[in-house]
Amino acid sequence: MGKLRSVLSLFVCLAALTLPAAAGASGELDSLFDGKAAPEKPASPLLDPARTQPPAVGELGGLDNRSWVTISADDSHQRGKLADLGMSIEEVRTGVVAGIVDPESLKKIEAAGFQVQSRRLLASFGPEDFPAQDSAYHNYAETVAELRSIAGSASDVATLFSLGKSIQGRDLLGVRFNKGSGAKPGILFMGDHHAREHLTVEVTLGLARYLADNRAHPAIKSLLEKRDIYFVPMVNPDGAEYDVETGRYRWHRKNMRQNADGSFGVDLNRNYGYTWSDVGSSDDPGDDTYHGPNAFSEPESRAVRDFIVSHPDVRIMVSYHSYGAMVLYPWGHIYDPVPDARAAAAFKTMAQRMGQMTGYEAMQSSELYPAAGDTCDWAWGERQVFCFTFELSGRGFYPGAEEIGKALEANVEPAVYMIGLSDDPYRAASAAVASLPARRTSPIEPVR
């Protein structure tokens with residue numbers, strides 16, 4: 001992974017950065033799998049032989065029968081209906097959506113009158129594109145090693161911690177930045193709720209490395225003295241390992257719970273307790289958007305919940321996903337804005353500012369399609385924690401090693417902006433803060 005080491009040079013890069021077009025541009029399906037080798041890192045085995053081995057669970061039920069489909073859908077209401085019928089929506093374009101669906105859900109979709117424009121079995125995508133060329137990405141063992149390296153290199157401000165355990169017993173390991181003592185405003189950054197979204201691990205790791213390497217910079221030093229900052233790159237380590245362990249990507253989204261029907265996995269981002277199972281998720285365990293047997297049935301989502309409950313000073317959460325180039329905020333389960341007018345203004349202002357910083361599109365989550373049981377609706381609805389979902393840029397789930405640096409460069413400025421505002425996110429909509437330019441020599445809001 002091309003690590004970013006200099007804060008000032010990075011800000012210059014940010015100001016000049018031009019992002020690639022958002023996912024959904026025309027082209028063959030194979031262009032979703034255009035990974036290239038990372039020139040700065042020699043080729044190495046995808047998985048470290050010394051990694052923790054997952055328990056043997058057999059083959060993932062239904063994998064070879066799932067398809068990538070494009071389906072006509074005119075608006076968020078139709079997209080919501082498709083999500084209710086079991087489709088995992090991954091791309092939204094004018095008049096059409098694309099994503100993953102199993103045969104039973106596809107029958108339901110067709111029976112409901114939707115027009116299926118194209119269909120291709122996931123099994124037909126060959127292994128030559130990924131992941132052999134993709135050694136720049138971190139598997140679980142490499143992620144743990146990098147977190148230890150970050151904490152070790154900045155032991156004056158950084159320590160390791162664990163949110164809890166995955167369903168297969170892996171630590172949900174993270175790194176905390178906190179200089180000094182006493183209660184401070186906090187922020188939590190998370191990656192990889194969805195197993196196949198490996199780019200989110202790299203961005204979360206890269207942001208942590210950025211703080212460690214630049215902790216002596218006056219602006220960063222001030223943040224570390226006045227904020228409590230947490231990074232957890234892999235919320236779903238079991239699923240992430242399963243997705244890569246054969247040397248061929250398996251398109252796996254969920255965790256690794258063994259379901260009663262023989263399938264595996266619960267969609268962690270549909271398993272949170274606020275309006276759980278309402279819309280945009282599936283009752284079918286075989287579907288990619290299966291919400292689980294009950295709210296917080298999974299140890300991974302419970303670990304996030306318990307961390308937030310036990311850390312009341314955490315006032316902002318960030319959940320990185322890929323792909324789509326979007327900044328999303330609550331509500332996701334309904335079209336109404338959050339009822340607190342001041343919060344609604346702060347959410348919208350922050351999202352728009354961060355959209356300007358990244359080139360991403362800012363919107364309320366339900367504008368994409370309504371979905372219940374996700375991380376950010378729970379964070380705001382139950383805990384009044386400001387929460388944003390970042391859909392990173394890049395073509396497809398496996399965009400290649402060269403996308404790592406682009407995504408990280410795009411997301412440093414909004415990350416530091418949120419850290420600065422984590423004392424009082426409401427002030428984002430104040431005239432003094434909202435009037436500041438989106439790109440500056442330093443992206444840091446006044447620290448109080």
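The values are calculated or read from the model by the stated rules, or taken from the named source; none is laboratory data. As the structure is a computational prediction, the values presented were derived from the model and not from experiment. Cβ sites come from the backbone with ideal geometry, for glycine too, and all protein chains shown count toward neighbours.
Below are the figures for this structure:
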{"quantity": "Output for segment 315-351, where each listed residue is touching a Phe, Trp or Tyr at 6+ places or on another chain (Cβ under 8 Å), over 17 Å from PHE390 (Cα atoms) and among the aromatic types (Phe, Trp, Tyr)", "calculated": "none"}
{"quantity": "Matching residues, segment 254-274, being surrounded by fewer than 22 Cβ atoms within 10 Å (Cβ to Cβ) and over 19 Å from the mean Cα position of the chain (by Cα)", "calculated": "GLN258, ASN259, ALA260, ASP261, GLY262, SER263"}
{"quantity": "Filter pass, THR275 being without any contact (Cβ under 8 Å) to a residue 24 or more places away in the chain and either closer than 22 Å to HIS77 by Cβ or outside any helix (DSSP H, G or I) (or both)", "calculated": "no"}
{"quantity": "Given (1) outside the structural domain of VAL244 (by TED's automatic domain parsing); (2) closer than 22 Å to VAL412 by Cβ, number of the condition PRO103 does not satisfy", "calculated": "(2)"}
{"quantity": "Test: residue in segment 106-114 that is among the acidic types (Asp, Glu), outside the structural domain of ARG395 (by TED's automatic domain parsing) and modelled with pLDDT of 90 or more", "calculated": "yes"}
{"quantity": "Answer from ARG383, ARG302 - the residue that is basic (Lys, Arg), in contact with a Phe, Trp or Tyr (Cβ under 7 Å, 6 or more places away or on another chain) and either more than 22 Å from GLN78 (Cβ to Cβ) or touching a residue at least 60 places away in the same chain (Cβ under 8 Å) (or both)", "calculated": "ARG302"}
{"quantity": "Residues satisfying the stated conditions in segment 328-359, i.e. closer than 20 Å to LEU421 by Cα and part of a loop (DSSP other than H, G, I, E, B)", "calculated": "PRO330, VAL338, ASP340"}
{"quantity": "Some residue of segment 320-342 being within 22 Å of MET234 (Cβ to Cβ), among the aromatic types (Phe, Trp, Tyr) and assigned by TED's automatic domain parsing to the domain that holds VAL304", "calculated": "yes"}
{"quantity": "VAL203 being in contact with a Gly (Cβ under 8 Å, 6 or more places away or on another chain) and either closer than 24 Å to GLU402 by Cβ or crowded, with 24+ Cβ neighbours inside 10 Å (or both)", "calculated": "yes"}
{"quantity": "Top-ranked residue of segment 247-265 - restricted to ones that are charged (D, E, K, R) and touching an Asp or Glu at 6+ places or on another chain (Cβ under 6 Å), ranked as modelled with the lowest pLDDT", "calculated": "ARG250"}
{"quantity": "Residues of segment 373-420 satisfying the condition of being at negative phi, modelled with pLDDT of 95 or more and assigned to a loop (DSSP other than H, G, I, E, B)", "calculated": "ASP374, VAL385"}
{"quantity": "Residue match in segment 301-322 (condition: part of a loop (DSSP other than H, G, I, E, B) and either on the phi > 0 side of the Ramachandran plot or surrounded by 19 or more Cβ atoms within 10 Å (Cβ to Cβ) (or both))", "calculated": "no"}
{"quantity": "Qualifying residue in segment 204-222 (condition: part of a loop (DSSP other than H, G, I, E, B) and within 17 Å of SER319 (Cβ to Cβ))", "calculated": "no"}
